[in-house]
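Data block below; observations after.
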Amino acid sequence: HKLIMTSAAYMQSSLEDAARRKLDPDNQWHWRRTPRRLEAEAIRDSMLAVSGQLDTTMYGPGTLNSNMKRRSVYFFIKRSKLISMMMLFDWPEHLVSIGRRANTTIAPQALMFMNSTQGRQYSLAFAGQLPEQRASAIEQAYQLALARDPSAAESELAAKFIAQQQASYERAGRKDGSQLARRDFCQALLSSNEFVYLD
């Protein structure tokens, strides 16, 4: 494992290079790492972990309850009651041997991040972990979700977004506008390609 993970091929950057792209537009010779989306289980588990809701209890029975907080490996497989979020992100057919998972990109995947009840709940729990001070909250949110500090431009955009969302909620008569605006910001981070893709 160490040899593979420290090899030049494994450690390739995914950054674009115009000169190399001109020579090998299809990346046939692997001059760059192709970004890869996380598997369904890893996406769900990451959302639970970032929101502070992941139950790390090991062993024990599985379940068909899509609202369970344990790792996705504890889902039962029942053909008549499959977990919709898992199927949306190419959960494999469990009755046959599969050498490589499918990796599709479809509109309902983005809609799941934007509209699903679970996605909103994860975002609300994520926002609840952040400090009250806006700049600190933005920095901590980036650290938790993307494991890096935001750039100055990202911090400025995030602060503007939160302020605009809060004003919009307050104009609509909501008293919890600040909390909802933070939830929306956290939801945007969880929906980002940087959260869902290995770069």
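None of the figures in this text is laboratory data; all of them are computed from the coordinates on show. Fair warning: this is a prediction, and the values are worked out from it, not measured in the lab. Counting neighbours? That spans all protein chains shown, and the Cβs are built from the backbone with ideal geometry, glycine included.
Can you give me the relative contact order of the chain as a percent, contacts being Cα pairs under 8 Å and 6 or more apart?
Values: 200 pairs, mean separation 42.8, N = 199.
For the chain, the relative contact order is 22 percent.
Rounded to the nearest whole Å³, what is the per residue volume of the convex hull around the Cα atoms of region 66-176? If you can, show how the numbers build up before the last one.
Working: hull volume 18.7 nm³, N = 111.
Cα convex hull per residue, to the nearest whole number: 168 Å³.
Treat the chain as a sphere of radius equal to its Kirkwood radius over Cα pairs and apply Stokes-Einstein at 37 °C in a medium of 0.692 mPa s; give the translational diffusion coefficient in µm²/s, rounded to a whole number. Estimated via Stokes-Einstein, D reaches 170 µm²/s. Around the amide H of Arg37, modelled in the peptide plane, lie the amide H atoms of Leu198, all under 5 Å away and 5 or more residues distant in sequence or on another chain.
Show me the ranking of peptides 26-36, 83-93 by mean Cβ neighbours inside 10 Å, starting with the highest.
Working: 26-36: 11.4, 83-93: 16.7.
Going by the mean number of other Cβ atoms within 10 Å, highest first, we get 83-93, 26-36.
The listed peptides 169-180, 1-12, ordered by packing as a protection proxy, come out as 169-180, 1-12 (highest mean of other Cβ atoms within 10 Å first). Using the rule -39500 (n - 2.57) for each DSSP H run of four or more residues, divided by the residues of the chain, the 222 nm mean residue ellipticity is -14500 deg cm²/dmol. Ranking Ser136, Ala163, Ser46 by Cα position along the charge dipole of the chain, where only Lys, Arg, Asp and Glu carry charges on their C-beta atoms, puts Ser46 farthest toward the positive end. Net length available on complete extension from Arg171 to Asn67 is 34.1 nm, with 0.36 nm assigned per residue and the Cα-Cα distance removed. Amide H contacts under 5 Å for Phe75: Thr63, restricted to partners 5 or more places along the chain or on a different chain, H placed in the peptide plane at 1.01 Å from N. Charges were assigned to the Cβ only: +1 to each Lys and Arg, -1 to each Asp and Glu. The resulting dipole of region 53-159 about its Cα centre is roughly 660 debye.
Taking a spot 7 Å from the Cα of Ser7 along the direction of its beta carbon, which residues of region 20-45 have an amide N less than 19 Å from it? Flagged as within label range: 27-36. About its Cα centre, region 1-100 has a charge dipole of approximately 100 debye under the convention of +1 per Lys or Arg Cβ and -1 per Asp or Glu Cβ, with nothing else charged. Only one residue of Ala152, Phe89, Asn193 has its Cα farthest out toward the positive end of the dipole of the chain, where Lys and Arg carry +1 and Asp and Glu -1 on Cβ, and that residue is Phe89. Between Leu189, Leu23, Leu146, the Gaussian network model of the chain with springs among Cα atoms under 10 angstrom shows the greatest mean-square fluctuation at Leu23. Think of each Lys and Arg Cβ as +1 and each Asp and Glu Cβ as -1; about the Cα centre, that makes the dipole of the chain roughly 500 debye. The string of couplings for region 73-88 from the Karplus curve (6.51, -1.76, 1.60, θ = phi - 60°) is 5, 8, 6, 6, 10, 9, 4, 8, 9, 7, 7, 4, 4, 5, 5, 4 Hz, one whole number per residue in order, with x for Gly and Pro. Counting Lys +1, Arg +1, Asp -1, Glu -1, what net charge surrounds Leu198 among other residues with beta carbon under 13 Å of its beta carbon? Within the 13 Å Cβ shell, the charges total 0.
Peptides 147-160, 110-123 ranked from most to least packed by the mean count of surrounding Cβ atoms within 10 Å: 110-123, 147-160.
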